[in-house]
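Following: one structure in structure tokens, then a few remarks.
The values are calculated or read from the model by the stated rules, or taken from the named source; none is laboratory data. A quick note: this is a predicted structure, and the numbers were derived from the prediction, not measured. Cβ: placed from backbone, ideal geometry, glycine included. Neighbour counts: every protein chain shown. The accessibility values were calculated without ligands, DNA or RNA, using every heavy atom of the protein model including side chains. Shrake-Rupley method; radii C 1.70, N 1.55, O 1.52, S 1.80 Å.
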Amino acid sequence: MEPVDDLKASRLVKLQHLRQKGIQPYGQKFPGIEAVAHVLANFQEGRQVTVAGRIMANRKHGKVYFLDLMDQTGRLQLFIKADNITPELFELIGDLDIGDIIGAKGELFITKTGQQSLRVSDVTILSKSLLSLPEKWHGLKDVEIRYRQRYVDMISNSAVRDVFIKRSRIVTMIRNFLDQRNFLEVETPMLQPMAGGARGRPFKSKHNAYDMDVFLRIAPELYLKRLLVGGLERVYEINRNFRNEGISTRHNPEFTMLEVYQSYGDVEDMMNLTEEMISSIVKEVNGSTIVQYQGKEIDFTTPWERRSFAKVVKDKFDINPDDSAEIMLQKARAKRHTHAKVDKLTRSAVMKIVEEALDEDATMNPVFFVDYFTFLCPLAKTVADNPWLSQRFEVFIAGMEIGNAYSELNDPLEQRQRLTEDLDDDVETGTREVDEDFLCALEHGMPPAGGLGIGIDRLVMLLTDSPSIRDVILFPLLKPHIEMKDEGRGAKDEKR
């Protein structure tokens with residue numbers, strides 16, 4: 001295989017040839033193009049069309065070039081014969097490489113082998129590629145390089161492009177679903193004076209002009225509730241959140257959430273909204289409410305199963321919501337036969353061990369877990385006849401938490417007490433404080449409301465059969481690389 005540097009040098013020579021001929025190798029606007037998929041769907045011999053895209057194959061047979069042109073929608077064979085174009089243009093084709101972006105004009109015809117093709121009469125170079133694509137392309141094999149060079153992975157791997165096209169469609173469907181139900185899309189600050197609305201370690205920065213610490217938001221919840229106070233009764237935000245925590249197949253420091261708030265509603269309304277929205281989107285995307293995910297079947301048919309978190313924890317660990325942290329830990333260790341380390345002995349810390357154990361019983365089909373312990377839900381109302389339990393659900397699908405919802409607490413006095421207690425129980429950050437302005441907003445009166453959060457990235461994972469969250473984020477955060485690997489082009493492995 002020719003070394004990478006030599007391949008690039010060869011293309012640089014071709015680039016110089018083009019410029020010497022007075023040809024601009026990085027062309028200008030190219031109007032009038034038609035999508036390849038539309039060309040093929042409306043194929044008619046003799047019809048004049050204009051297309052543009054990337055060369056994915058280049059074959060020469062005597063005085064004929066066969067090029068495969070790819071755009072976002074598909075591939076089309078270009079038939080370029082010396083008799084049909086000027087000698088200068090035919091010579092120009094010799095300076096084209098796989099990866100170059102061109103525009104082409106001509107008439108449609110069918111070859112003797114039955115291939116729908118474009119008989120080219122004119123070619124315009126729009127961008128000369130200086131690096132080659134991996135040979136025998138089946139997608140980059142090195143997962144780390146696929147994420148780091150997403151642009152390369154997408155060029156010829158249509159399955160990767162389709163994931164992100166489908167992701168965009170899913171987000172559009174979510175917007176349409178909520179817009180049709182009179183929800184108003186809003187925007188709240190991503191840069192906040194304090195990190196609130198959820199537990200999580202924030203990214204911290206400094207605003208120089210105000211000489212103040214600022215945080216990338218970990219959740220938009222408290223700002224969205226302020227809007228309920230202000231009289232916007234149905235609001236939603238598709239938002240980017242940031243948490244300075246670990247990375248896994250389900251976690252990325254930057255992720256996308258949908259948050260929805262409905263005045264005069266409650267957790268039951270959010271449950272109905274979740275079922276209806278997700279099941280309708282699944283059917284629209286998939287054509288059915290049955291989805292294959294990692295070799296297993298998920299049935300999104302409604303109604304979804306409900307389970308009591310409190311009952312499951314009682315049955316498996318004999319833990320009660322009013323147990324002390326010490327008793328909870330003793331019971332958890334007795335049932336799990338584990339000596340899992342707890343850095344700070346709080347009930348929340350113990351419940352992390354318990355929730356990890358519950359993952360073992362995960363089911364594929366959607367399940368609403370209800371009756372969460374109140375100390376785990378400082379922003380949720382309690383159950384009317386049991387203050388130890390909250391009006392909250394978490395929805396799990398294929399073992400992943402996909403959504404979380406409350407009947408929102410709107411009593412400002414109880415909210416202050418609950419937030420203060422939660423600070424003592426915080427095992428994630430130790431950096432939070434009570435948001436006095438949020439409490440001030442509640443004191444002006446917030447209507448009873450239901451609130452919902454859904455993880456967009458995880459939902460897309462399920463609907464695209466993607467095993468990792470990094471497969472559905474265009475540019476996931478990666479650790480710094482030392483040496484860029486150029487797979488299929490002769491470079492050594494990237495050092496990690």
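Quick check on my filter: what residues within region 58-89 are part of a strand (DSSP E or B), among the hydrophobic types (A, V, I, L, M, F, W, C) and touching a Lys or Arg at 6+ places or on another chain (Cβ under 9 Å)? Show your work before the answer.
In the first step, residues of region 58-89 are kept if they are part of a strand (DSSP E or B); the result is 58-61, 64-71, 74-81.
Adding the requirement that they be among the hydrophobic types (A, V, I, L, M, F, W, C) leaves 64, 66-67, 69-70, 76, 78-80.
Val64, Phe66, Leu67, Leu69, Met70, Leu78, Phe79, Ile80 - these are the residues of region 58-89 that are part of a strand (DSSP E or B), among the hydrophobic types (A, V, I, L, M, F, W, C) and touching a Lys or Arg at 6+ places or on another chain (Cβ under 9 Å).
Condition check ((1) assigned to a helix (DSSP H, G or I); (2) open to solvent by less than 70 Å² (accessible area, probe 1.4 Å)) across all residues:
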{"site": "Ala159", "(1), (2)": "yes, yes"}
{"site": "Val163", "(1), (2)": "yes, yes"}
{"site": "Lys166", "(1), (2)": "yes, yes"}
{"site": "Arg199", "(1), (2)": "no, yes"}
{"site": "Lys206", "(1), (2)": "no, no"}
{"site": "Asn241", "(1), (2)": "no, yes"}
{"site": "Tyr261", "(1), (2)": "no, yes"}
{"site": "Leu273", "(1), (2)": "yes, yes"}
Scan (1) at pLDDT below 95; (2) under 18 Å from the mean Cα position of the chain (by Cα); (3) open to solvent by 30 Å² or more (accessible area, probe 1.4 Å) for the single condition Ile218 breaks and write down its number.
-> (3)
Subset of region 288-316 [over 15 Å from Glu394 (Cβ atoms) and open to solvent by 90 Å² or more (accessible area, probe 1.4 Å)] | Gln292, Gln294, Lys296, Glu297, Pro303, Asp315
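Among the candidates Arg181, Arg146, Arg175, which residue alone is open to solvent by 30 Å² or more (accessible area, probe 1.4 Å), part of a helix (DSSP H, G or I) and modelled with pLDDT of 90 or more? Reasoning before the result, please.
Working: Arg181 fails: part of a helix (DSSP H, G or I); Arg146 fails: modelled with pLDDT of 90 or more.
Result: Arg175 is the single residue among Arg181, Arg146, Arg175 that is open to solvent by 30 Å² or more (accessible area, probe 1.4 Å), part of a helix (DSSP H, G or I) and modelled with pLDDT of 90 or more.
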Return yes when Thr256 is crowded, with 19+ Cβ neighbours inside 10 Å, at pLDDT 95 or above, assigned to a helix (DSSP H, G or I) and hydroxyl-bearing (Ser, Thr, Tyr) and no when it is not.
-> no
Sole miss for Gln16 among (1) assigned to a helix (DSSP H, G or I); (2) exposed (fewer than 11 other Cβ atoms within 10 Å of the Cβ); (3) among the polar types (S, T, N, Q) is condition (2)
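Enumerate the strands (runs of 3 or more DSSP E) found wholly within region 277-328, keeping only those where 2 or more residues are modelled with pLDDT of 95 or more and more than 30 Å from Thr346 (Cα to Cα).
Values: elements: 290-293, 296-299, 305-308.
Answer list for region 277-328: 290-293, 296-299.
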Which condition number does Ile102 fail, the rest of (1) surrounded by fewer than 18 Cβ atoms within 10 Å (Cβ to Cβ); (2) at pLDDT 95 or above being met?
-> (1)
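Report whether or not Gln44 is touching a residue at least 40 places away in the same chain (Cβ under 8 Å), loosely packed, with under 11 Cβ neighbours inside 10 Å and either of a type in the set (S, T, N, Q) or touching a Pro at 6+ places or on another chain (Cβ under 6 Å) (or both).
On the way: touching a residue at least 40 places away in the same chain (Cβ under 8 Å): yes; loosely packed, with under 11 Cβ neighbours inside 10 Å: yes; either of a type in the set (S, T, N, Q) or touching a Pro at 6+ places or on another chain (Cβ under 6 Å) (or both): yes.
So Gln44 fits the description; yes.
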Which residues, counting only those in region 32-47, are within 32 Å of the chain's Cα centre (by Cα), in a loop (DSSP other than H, G, I, E, B) and of a type outside the set (A, V, I, L, M)?
-> Glu34
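Let me confirm something: among Leu118, Leu92, Leu133, which residue is assigned to a loop (DSSP other than H, G, I, E, B), in contact (Cβ under 8 Å) with a residue 60 or more places away in the chain and hydrophobic (A, V, I, L, M, F, W, C)? Steps first, please.
On the way: Leu118 fails: assigned to a loop (DSSP other than H, G, I, E, B); Leu92 fails: assigned to a loop (DSSP other than H, G, I, E, B).
Of Leu118, Leu92, Leu133, the one residue that is assigned to a loop (DSSP other than H, G, I, E, B), in contact (Cβ under 8 Å) with a residue 60 or more places away in the chain and hydrophobic (A, V, I, L, M, F, W, C) is Leu133.
Just checking, which of Lys296, Lys314 is free of Cβ contacts under 8 Å to residues at least 12 places away in the same chain, out of contact with any helix residue (DSSP H, G or I) (no Cβ under 9 Å at 6 or more places or on another chain) and basic (Lys, Arg)? Before you say what the answer is, go through the steps one by one.
Values: Lys296 fails: free of Cβ contacts under 8 Å to residues at least 12 places away in the same chain.
Every option except Lys314 fails the conditions.
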Exactly one of (1) out of contact with any Lys or Arg (no Cβ under 9 Å at 6 or more places or on another chain); (2) within 30 Å of Asp437 (Cβ to Cβ) is unmet by Met190. Its number?
-> (1)
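So is Thr73 over 32 Å from the mean Cα position of the chain (by Cα) and open to solvent by 20 Å² or more (accessible area, probe 1.4 Å) or not? Can you show your working first?
Values: over 32 Å from the mean Cα position of the chain (by Cα): no; open to solvent by 20 Å² or more (accessible area, probe 1.4 Å): yes.
No: the conditions fail for Thr73.
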Looking at region 184-197, which of its residues are modelled with pLDDT of 95 or more and surrounded by 15 or more Cβ atoms within 10 Å (Cβ to Cβ)?
-> Val186, Thr188
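Is there a residue in region 345-354 that is assigned to a helix (DSSP H, G or I) and open to solvent by 70 Å² or more (accessible area, probe 1.4 Å)? Steps first, please.
First, the residues of region 345-354 that are assigned to a helix (DSSP H, G or I): 347-354.
Of the ones still in play, those that are also open to solvent by 70 Å² or more (accessible area, probe 1.4 Å) are 352.
Yes, region 345-354 has at least one match.
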For Ile55, are the conditions met, namely being of a type in the set (Val, Ile, Thr), under 18 Å from Arg119 (Cβ atoms), at pLDDT 95 or above and in a strand (DSSP E or B)?
-> yes
